1. In the stretch 85-116, which residues have a backbone nitrogen under 16 Å from the label point lying 7 Å from ARG4's Cα in the Cα-to-Cβ direction?
2. Take the alpha carbon gyration tensor of the stretch 1-57, find the square roots of its eigenvalues, order them as a ≥ b ≥ c, and report rounded if a/c is under 1.5; if not, report prolate when a/b exceeds b/c, else oblate.
3. Quick check for me: using +1 on Lys/Arg Cβ and -1 on Asp/Glu Cβ, what's the dipole size of the chain about its Cα centre, in debye to the nearest 20?
4. What do you get for trypsin sites (Lys or Arg not before Pro) in the stretch 67-105 restricted to DSSP loop and a cutoff of at most 12 other Cβ within 10 Å of the site's Cβ?
5. So for the pair LYS12, GLN27, with labels modelled 7 Å out along Cα→Cβ, what separation do we get in nm?
6. Could you check the spin-label model distance between ASP19 and ASP57? Points 7 Å from the Cα along Cα→Cβ, value in nm.
7. What lysines could a cross-link reach from LYS61, if we take a straight Cα to Cα line under 28 Å and drop same-chain neighbours fewer than 8 places away?
8. Quick check on the chain: of the DSSP beta bridges with both residues there, what percent are antiparallel, nearest 5%?
Amino acid sequence: MFIRSHEINTIKIAEIISDDIIIQSAQDGLDLMGDIYYQGFDKVILHEKNITSEFFDLKTKMAGEILQKFSNYRIGLAIIGDFSKHESKSMKDFIFESNKTGHVNFVSTLNDALNNFSK
């Protein structure tokens, strides 16, 4: 795992770069959040390929647990990917509602993620 640092208006953003799955459980999400926070970052960008597919099955409650932690600790999160392949209505609604609140965003490009963090 490698962290690419971005900065927008004094906001430090960590983009997680890896060929491996980084988030396999809710605890992995919490550990990543803690690690990023202690390194002085304010926001996190993850790529969909680095998150287990179980995250996108809302019955596992993993997505809710992880996103709630990021919200509680006020650490912004952007997940980059192609979410059109998730055909479940509940997942589409979850993504829509997350994007609406603005604290956790599901986006298609790095530029979209950075633009959301600059608002």
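1. 107-116
2. Numbers: a/c = 2.22, a/b = 1.75, b/c = 1.27.
Judged from the Cα gyration tensor, the stretch 1-57 comes out prolate (a/c at least 1.5, a/b above b/c).
3. 400 debye
4. Those that pass, being in a loop and sparsely packed, are ARG74.
5. Between LYS12 and GLN27, the simple spin-label model gives 2.7 nm.
6. Each label point lies 7 Å from its Cα, and together they span 2.7 nm.
7. Result set, ordered by chain and number: LYS43, LYS49, LYS69, LYS85, LYS89, LYS92, LYS100.
8. 35 percent
Values quoted throughout were computed directly from the atomic coordinates according to the rules given, and no laboratory measurement underlies them. For clarity, every value in this text was computed on a predicted model and none was experimentally measured. Positions of Cβ are generated from backbone atoms using ideal geometry, with glycine treated the same way; all protein chains shown enter the neighbour counts.
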